[in-house]
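The values are calculated or read from the model by the stated rules, or taken from the named source; none is laboratory data. Predicted model, so just to flag it, every value in this text is computed and none were measured. Methodologically, a virtual Cβ is constructed for each residue, glycine included, from the backbone with ideal geometry; neighbour enumeration extends over all protein chains shown.
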Amino acid sequence: MRISVIGTGYLGATHAACLAEMGHEVIGLDVDPLKIESLAVGELPFYEPDLEELIARHVASGRLRFTTSYEEVGPWADVHFIAVGTPQRGGEGAADTSFVEAAISSLARTITRDALIVGKSTVPVGTARRLQDILTREQDPTLEIGLAWNPEFLREGFAVKDTLAPDRIVLGVDADHHAETLTAVYAATVEQDVPVLVTDFETAELIKQAANAFLATKVSFINALSELTEAAGGDIRVLAEGLGLDPRIGRSFLRAGLGFGGGCLPKDVRALQARASELGQERSMRFLSDVEDVNLRRRERAVFLATSMLGELRSKRIAALGAAFKPNSDDVRDSPALDVAVRLFNAGADVAVYDPKANDNAARRFPRLHYVESLDEAVAEADLILVLTEWEEFARLTPRALGSVTTARKIVDARNVLSVREWIAEGWDFAALGRKYEPAFDFSPIGA
Ligand SMILES: NC(=O)c1ccc[n+]([C@@H]2O[C@H](COP(=O)([O-])OP(=O)(O)OC[C@H]3O[C@@H](n4cnc5c(N)ncnc54)[C@H](O)[C@@H]3O)[C@@H](O)[C@H]2O)c1
Ligand SMILES: O=c1ccn([C@@H]2O[C@H](COP(=O)(O)OP(=O)(O)O[C@H]3O[C@H](CO)[C@@H](O)[C@H](O)[C@H]3O)[C@@H](O)[C@H]2O)c(=O)[nH]1
């Protein structure tokens, strides 16, 4: 099939490359000419494991092209996927759907044959039905241009794998034949027995935002319990294991630490509350404001621990290990790690930030922090070290190895990846979020 993907950011570039991998002819379109220039020569303008190789391979095979021209894709494709951004609107919680509206209008203007437009962007419930009205108004009335909503559940850091082997495919449609077209698009994955859920627009839109709200709630639930283990004693990691081994609860998404960030969970949690209010159902999603509060309190706690360990922050040097919102990503959108670094800087500390992949993005956002090229450089002159993103490079740190490159003997593990016992035994002043100490035995469950 001939497929266009409108918007080639984290989601769209991945989707375009994976559709080419599934055997389709694909054109990726973006309004950002720099992004398109680099993708067109097989280079990825951001970091995502395995994606650059896939793009380069299919640019070379001729199955994947990139353009900035709607006039080129409109008449060409059978199916147009929309993967443009839906960021938070100004200071409000609501999602800004104007980029999706602009993409629909541009397609309606340029499509010259029957086609299906498929939304992948995350949108508030009710958006697809509203967009269908725009489409009906603006399209050539002699054509049959359908609309479907097919939300995406990929995680950054695993984007290629999640797209080629998703947990589920959700199809929001208003006509059976649109579901059939999309099942044909995804034939390569559907054949792997991936569950396909065919439903209406509203349910599809809500499934996506509900999934992110649920994941955020799980993270904040365990982080709220961290506040209790910090006050009463106990080890939040063992507590999470004890909860998660109940299959009704599940072990995933119970890693306590600095909380959730990124381009999705924070904005989607806010957008769902905003939409619930618009629908007169403010109370139904009110608990999500507590989910957000817990999330922000983890950052305050990390700053509090740093301040307690150093006394005064002014003129102290702090090594911030990590700026990305999670490991294996260069994304710093709403990053808890970067937020903590900025808070410490604003309190007067000299903050040296090192992230294996996200330094450039972080520097563009907060140029006043001091960015360094290696872990050794970050810790060399430090009075205190903070592990803010759980990159493998940081999770593998040992007190002896680190002690040989810095005179600092103070460390905060904000992601619960280091062993309290080991660091304290080596004479470090050690603090973690949710653990004061850990038992003198291995906490891994027997048989796990
Ligand atoms: N990043 C993820 O992991 C992920 C996963 C699932 C869903 N989503 C959702 O997918 C959407 C995109 O997210 P993202 O992270 O890829 O954002 P992004 O900012 O990385 O990419 C969006 C792209 O759309 C382009 N764009 C904006 N207006 C356009 C227009 N009118 N025509 C063509 N291109 C246009 C931008 O230039 C940008 O390159 C959001 O709704 C997000 O919530 C993202
Ligand atoms: O146990 C956990 C799990 C995650 N996180 C944090 O939660 C955030 C989100 O993590 P993750 O969900 O892995 O990253 P995303 O790539 O943002 O993916 C989420 O957002 C995407 C965009 O909507 C969805 O498609 C995915 O299904 C959804 O997992 C990150 O800051 C993590 O550090 C924790 O603190 N503890």
Which numbered condition A347 fails, given (1) surrounded by 21 or more Cβ atoms within 10 Å (Cβ to Cβ); (2) of a type in the set (A, V, I, L, M); (3) out of contact with any Lys or Arg (no Cβ under 7 Å at 6 or more places or on another chain): (1)
Members of the stretch 175-192 that are under 23 Å from Q132 (Cα atoms) and assigned to a helix (DSSP H, G or I): D176, H177, H178, A179, E180, T181, L182, T183, A184, V185
Residue list for the stretch 325-356, filter: part of a loop (DSSP other than H, G, I, E, B) and either within 13 Å of ligand 1 (Cβ to nearest atom) or of a type in the set (K, R) (or both): F325, K326, N328, S329, D330, D331, V332, R333, D334
Filtered residues of the stretch 76-97 (kept if small (G, A, S) and either farther than 15 Å from L64 by Cβ or outside the structural domain of G9 (by TED's automatic domain parsing) (or both)): G85, G90, G91, G93, A94, A95
Residue among A216, A210 that is surrounded by fewer than 18 Cβ atoms within 10 Å (Cβ to Cβ), of a type outside the set (K, R) and either within 13 Å of ligand 1 (Cβ to nearest atom) or within 20 Å of the chain's Cα centre (by Cα) (or both): A210
Check on L164, within 16 Å of ligand 2 (Cβ to nearest atom), crowded, with 17+ Cβ neighbours inside 10 Å and either assigned by TED's automatic domain parsing to the domain that holds F325 or more than 29 Å from A274 (Cβ to Cβ) (or both): yes
Neighbours by Cβ (under 6 Å, 6+ apart or cross-chain): first from the stretch 80-94, over 16 Å from A13 (Cβ atoms) and free of Cβ contacts under 8 Å to residues at least 12 places away in the same chain; second away from ligand 2 (no atom under 15 Å from the Cβ) and assigned to a loop (DSSP other than H, G, I, E, B): R89/D96
Set T136, T112: member being touching a residue at least 12 places away in the same chain (Cβ under 8 Å) and among the hydroxyl-bearing types (S, T, Y): T112
Leading residue by the ranking (surrounded by the fewest Cβ atoms within 10 Å (Cβ to Cβ)) among those in the stretch 102-124 that are closer than 25 Å to M1 by Cα, touching a helix residue (DSSP H, G or I) at 6+ places or on another chain (Cβ under 9 Å) and not hydrophobic (A, V, I, L, M, F, W, C): R109
Scope the stretch 1-45; condition within 22 Å of the chain's Cα centre (by Cα), farther than 22 Å from V100 by Cα and among the hydrophobic types (A, V, I, L, M, F, W, C); matching residues: L44
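Given the condition part of a helix (DSSP H, G or I), within 16 Å of ligand 2 (Cβ to nearest atom), at pLDDT 95 or above and not assigned by TED's automatic domain parsing to the domain that holds R155, answer yes or no: does some residue in the stretch 366-389 qualify? Steps first, answer last, please.
From the stretch 366-389, those part of a helix (DSSP H, G or I) are 375-380; that's our starting set.
Retained after the next criterion (residues that are within 16 Å of ligand 2 (Cβ to nearest atom)): none.
Among the residues of the stretch 366-389, not one is part of a helix (DSSP H, G or I), within 16 Å of ligand 2 (Cβ to nearest atom), at pLDDT 95 or above and not assigned by TED's automatic domain parsing to the domain that holds R155, which makes the answer no.
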Hits in the stretch 178-187 - residues which are surrounded by fewer than 16 Cβ atoms within 10 Å (Cβ to Cβ) and either under 25 Å from the mean Cα position of the chain (by Cα) or touching a residue at least 24 places away in the same chain (Cβ under 8 Å) (or both): A184, A187
